[in-house]
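Student: Mind having a look at this structure? Questions to follow.
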Amino acid sequence: MQEEREALEQILSAKARSGRCIEEIRQSAPLTREFVRSRIASFVLIRYFLEGEDVSGLSFDQIAERSIAVTAGISREMVRTLDTSKDCMGSTSLMAKKVLLFRQIEKQLDIELPAMPSAMIETLDDLGDLVFDELRKQGRVG
């Protein structure tokens, strides 16, 4: 019971801290590409329970893989081995984790990330750039 309570507290804390990253984007003006990249990267690392980890040079998929390994308490190699199974839509856990994260960003920033560019995201900077471009299209960038 204590472990469940601690896990819930960690999840709620991460949700609140990551929400502040989004709120900083919403409240800052003028927005710059670098600022959006920075806040989106922080949002992702907090949500993925990788806050403070050096993920430079890692692809988005590698970051998601690391997150699954950390939260499940298994090695990244084990994640790769176990994530070969797909659901009825052909999605892996890594893909689902990425899509759910993108949906959270869309919802919290009231934007819609285009499907094809979203599928092509390789790095945290790519995600930050896509978010910045969508905010700019809406006239929310100075």
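Student: Give the residues of segment 91-110 that are of a type outside the set (Gly, Ala, Ser), over 21 Å from Gln138 (Cα atoms) and free of Cβ contacts under 8 Å to residues at least 24 places away in the same chain, sorted by residue number.
Tutor: Residues satisfying the conditions are Thr92, Met95, Val99, Leu100.
Student: Quick one: is Phe43 more than 12 Å from the chain's Cα centre (by Cα) and assigned to a helix (DSSP H, G or I)? Even if it seems obvious, please write down each step before you answer.
Tutor: Working: more than 12 Å from the chain's Cα centre (by Cα): no; assigned to a helix (DSSP H, G or I): yes.
No, not satisfied.
Student: Only residues in segment 23-46 that are within 12 Å of Phe132 (Cβ to Cβ) count as the first member; pair them with residues that are open to solvent by 60 Å² or more (accessible area, probe 1.4 Å) and among the small types (Gly, Ala, Ser), Cβ under 8 angstrom, at least 6 apart or cross-chain, and list the lot.
Tutor: Hits for this filter: Pro30/Gly142; Leu31/Gly142.
Student: Something else now. When residues of segment 1-44 are filtered for being more than 26 Å from Lys137 (Cα to Cα) and open to solvent by less than 70 Å² (accessible area, probe 1.4 Å), how many remain?
Tutor: 5
Student: Within the group Asp125, Asp129, Asp54, which residue is open to solvent by less than 40 Å² (accessible area, probe 1.4 Å) and charged (D, E, K, R)?
Tutor: The conditions single out Asp129.
The values are calculated or read from the model by the stated rules, or taken from the named source; none is laboratory data. Everything quoted here is computed from the prediction, not taken from an experiment. As a convention, Cβ positions derive from the backbone with ideal geometry for all residues, glycine included, and neighbour counts pool all protein chains shown. Surface areas here come from the heavy atoms of the whole protein model, side chains and all, with no ligands, DNA or RNA. Shrake-Rupley method; radii C 1.70, N 1.55, O 1.52, S 1.80 Å.
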